[in-house]
Amino acid sequence: MAPQNNSLLELSCVSKYFGGLAALSEVSLYIKRGEIYGLIGPNGAGKTTLFNIVTGLYRLDEGEFNFDGIAYAHCKPHVLAEAGIARTFQNIRLFANMSALENIMVGRHVRTHTGIWGALTRNVAARAEERAITQRARELLRFVGIDGPHQTLAKHLSYGEQRRLEIARALATDPKMLALDEPAAGMNATETESLKTLLQTIRNSGITVLLIEHDVKLILGLCDRIAVLDYGKKIAEGTPDEVRRNQTVIAAYLGGEAA
Amino acid sequence: MDIFLQQILNGLVQGSVYALVALGYTMVYGILGLINFAHGEVVMVGAMVALTVSQLLLATGLPPLLVLLIALMVAAAACMVLGYGIERIAYRPLRNAPRLAPLITAIGVSIVLQNLAMIFWGREYHAFPQLLPNGLHTLGGAVINDVQLIIMLVALLMMTGLMLLVHRTRLGRAMRAVAENPSAAMLMGVDINRVISVTFMLGSALAAVAGIMVSANYGIVHYYMGSILGLKAFTAAVLGGIGNLRGAMLGGVLLGLIESLGAGYIGDLSGGFFGSNYQDVFAFFVLIAVLIFRPSGLLGERVAERA
Amino acid sequence: MNLGKFPYCKKCNAWRVFAVLAIVLLALPFVTDALLGRGWVRIADFALLYIMLALGLNIVVGYAGLLDLGYVAFFAVGAYNYALLSSPQFGLHWPVWVVLPLGGLLAGFFGVLLGAPTLRLRGDYLAIVTLGFGEIIRIFLNNLNAPVNVTNGPQGISMIDPVQSGGISLGSTQQVFGITLPSVHLYYYLFLCFTLLVIFVSLRLENSRIGRAWMAIREDEVAAEAMGINTRNIKLLAFSMGATFGGLSGGLFAGFQGFISPESFSLTESVMILCMVVLGGMGNIGGVILGGVLLVLLPEALRNGAGPVQQWLFGKTLVDPESLRMLLFGLALVVVMLVRPAGLWPSTQRRRELSDDDDDVVKQELESVYGSSK
């Protein structure tokens, strides 16, 4: 599987150890521009580790990690956010005591520039930028379907709204790739369905999506390609149909858990 | 060489006291994630109570060692009640409050205790009666007296006892469980409030012992002694990794050694520019240096072991 | 407190409230002088100084969520900067408009110096390091009288020049438009100006890209960094901004007092400033001001009350009034926090600024906010 020209993210032979234990060993994969790429595997398979490497929370021990043609093996999360990788968290991490709108406005930080001087003088540029930030934040709130008063503190939003607010906050950073860590966790069927529509809309707007999910039905119905991890190794990759038929996957994953 | 040995000995004595007080900080921190800023004042109250009791009893002509024993027990009991009360009044109602709220009540409590002590015992320095034999021993060129030997011995005993309690008893297991995950511990049937109360009482009893040791060592008691000692002990607890019992002991002894060696050698090290009055600066620099390389203290990462 | 915000509507009462507040603040020293005596004007001056300090610390603790227990160090840096450059100590008498900003800058630099090694530390580890930093500065001030006498050690520096410029000194009574203004009154107005400046800066920062980044770090540092905030720089910025305010107030303090010594910069002062911030309501400018005023006035009121009330109740002084005063003060801290754990005036119902050309949305939002009450 040679990386292709239109790939946005490439991992080659990435390994990560925790005290001698390989959480990931020699995983290689690539994600094409504009696709929804799914990552599945049993608990402890290394999904979140891989996810944290891609978003800069962990440093990889071996291998290479390229994003949009540039190597980012040992970068901090904010550098990767600037490079265009935005993420959400498995257990929601919103800025609880800030309003829904402000949460998204924070997301604009990385694409805006007003410093102390602009903040103090409120010059023309600063005001214009602030207006643009507010404007964009409102659009994004509407986009993810949070219609209530914008001033509601994030902690007072419903669970589903909080999940969607996290996505909106990530989108505010103008990402090239949106990385979602189990976005459907804890959602009911209706909420999951609307999440699915939302992700498709996001993809159609040209943003690549990396998705970790336990909900196999969601991932098979949504993703263009899927990688399956088990014990830190990639055991299969391909379209949903290919993965569904893959014997190794059935044995190691579907068989093991569905039994 | 004998000066070096002397400084080491002094450092160990001072460090044992720090370690005992630091244990109180670290136990409370381990369980509640809270800096008990009033802990230093508990030490002071312990010393003051012991002072009053021993003054009263010495007047009756009881033998000094017995007086010391009774004073120790009374002081420990008083401090346990005090620790229990502080937790009930100032911390328990704020368990789910913003993080800094209990910090402010702690500061409030320590101001209250300090001024109560000033009202009861006055502003002046009190001489602490000599209750222990005071023979001098020479040890490879260094001098150590009985009080200092006893301090180290008692500190060692108390720490061993505490470790046994935390790791070998039912109560200790409950303490570790609450430290690890309070809600899970509660679901498993641990009475969290009781465990927390007991933790405060244990810490306060150790504080009382420490208070008496310092007083016996220097022969002086003062209403302000608690804040400085408390500050040092807190530094020690952080140095070792706050929340970790072994860390508190290690941190305490290390801080004692650093201070003592710093006081002895800082002049030589800086070519006479800094005198021994910079010993606290030295201690804080070491602390900062340690935290830069190990942001959670020397033993801080072994979270599973905290009590 | 509408200084830094765009007005929500032009017809609001805000300006009327403003006008009343302005008159009260301007008249305060005269009224206080007439009713309570000149000593209380001096206390008002100190209240303003502490408000500035508390607002500075509020940036670090309230906005960025970094627990700083050594804040008084920056106050000390500003004060000693002023004292060394405008006193007979070195025979220097630099102009105040050089010395004051220099003090702010120097303190800001110290803020970065302290911030840099503490970036990886969290919560209570940060608290002890900042505390240590404060103590280090104090010990140096206490001991830098030998071998070279810089700070004059524990004796402190006296005969510091008052704040003066162009032949007008705030250290002595001045006639302005035919009104006689004693020194304390003059300083009151000077401090008031600076306090308003600090409030203005705080408000503007709070409602800005930088302010939001601080709060994001306070709420969740990991998430903030994942959203592209360079937490290192933004934290350092918070430290240095807070420190600058501290340094500025320090310079004013030195000029006002004419004498400073290391004693004024003890840990107790740091703790007191922190209490103002937390007790008043972290992160809320109004709350912090309230905290500052209360914590300056309360001990003074108790000082004046503790003795006479005892006399009146028992016919004699039973308890040392000084101890009693601090005792009650400590009790007040505990009681207030127990009753209002988030502070007297917490910042929950903050209403955010809205862009001024977005009127229909403004109306909608105002309706949604106030809709229930109408």
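Some observations on this one:
- All distinct Cα pairs of the range A:1-73 go into the 1/r average, and the inverse of that average, the Kirkwood radius, is 12.6 Å.
- Counting every C-alpha pair in chain C, the share spaced more than 41 angstrom apart comes to 16%.
- Nearest-0.05 FRET efficiency for B:E180 and B:L58, computed from C-beta distance (R0 35 Å): 0.15
- Potential extension, B:D146-B:N134 segment - 0.36 nm per residue separation minus Cα distance: 3.8 nm
- Cα shape, the protein assembly as shown, gyration tensor, a/c 1.5 rule: oblate
- Peptide B:85-98 shows a mean partner chain C-beta count of 2 within 10 Å per residue C-beta.
- Rg over Rh, two decimals, the range A:96-174 (C-alpha only, Kirkwood Rh): 1.01
- Of all complete DSSP H helices in chain B, those with a Cα span along the helix axis of 20 Å or greater and a mean Kyte-Doolittle hydropathy of 0.5 or more are B:2-32, B:39-59, B:64-86, B:101-121, B:146-168, B:192-218, B:225-240, B:245-269, B:279-293.
- Averaging the Cα positions of each part gives two centres, and for the range C:61-79 and the range C:134-208 these lie 17 Å apart.
- Structure remark: mean-square fluctuation, Gaussian network model of chain C, C-alpha springs under 10 Å; the largest value among C:G39, C:G103, C:G251 belongs to C:G39.
- Packing around the peptides C:126-132, C:166-172, B:238-244, taken as the average count of other Cβ atoms within 10 Å per residue, puts them in this order, highest first: B:238-244, C:126-132, C:166-172.
- If you take the Cα centroid of the range A:156-176 and the Cα centroid of the range B:24-96, the two points sit 51 Å apart.
- Projecting label points 7 angstrom from Cα along Cα→Cβ for A:I70 and C:F200 puts them 4.0 nm apart.
- Under-5 Å amide H pairs with A:L210, H placed in peptide plane, nonlocal only: A:Y37, A:L178, A:A179, A:L180
- A prolate overall shape is assigned to chain A, the ratio a/c of its alpha-carbon gyration tensor axes (a ≥ b ≥ c) being 1.5 or greater and a/b exceeding b/c.
- Between A:A189 and C:N233, the modelled labels are 5.0 nm apart [label points 7 Å from Cα along Cα→Cβ].
- Order by protection proxy (mean Cβ within 10 Å, highest first), peptides B:14-26, B:59-71: B:14-26, B:59-71
- The region of chain B that goes longest without hitting one of the GluC sites (Glu not before Pro) in a DSSP loop, each with at most 14 other Cβ atoms within 10 Å, is B:125-300.
- Shielding value for A:122-131 is 3, the average number of Cβ atoms from other chains within 10 Å of each residue's Cβ.
- Cα point-scatterer Debye curve for chain B, base-10 log of I(q)/I(0) at q = 0.07, 0.16 Å⁻¹: -0.27, -1.35
- Percentage, to the nearest whole number, of Cα pairs in the range B:59-197 over 27 Å apart: 47
- Most fluctuating residue given options C:P162, C:P117, C:P308, as computed from a GNM of chain C linking Cα atoms under 10 Å: C:P308
- Inter-part distance where the range A:223-243 and the range C:264-334 are each reduced to a Cα centre, Å: 66
- For the range C:122-208: rounded, prolate or oblate by the Cα gyration tensor [a/c cutoff 1.5]: oblate
- Placed amide H near B:L298: partners under 5 Å, 5+ positions off or other chain: B:G240, B:G241
- For the protein assembly as shown, the 222 nm mean residue ellipticity estimated from helices alone, with every DSSP H stretch of n ≥ 4 adding -39500 (n - 2.57) and the total spread over all residues, rounds to -19500 deg cm²/dmol.
- The tail of the calculated P(r) for the range B:172-221, taken as Cα-Cα distances beyond 13 Å, holds 61 percent of the pairs.
- Cα-based equivalent ellipsoid of the range B:212-263: semi-axis lengths in Å, sorted from largest, via gyration tensor: 21, 13, 10
Any read-out appearing in this document is the output of simple, stated calculations on the displayed coordinates, not a laboratory observation. These numbers come from a predicted model, not from an experiment. No Cβ is skipped: glycine too gets one built from the backbone with ideal geometry, and neighbour counts run over all protein chains shown.
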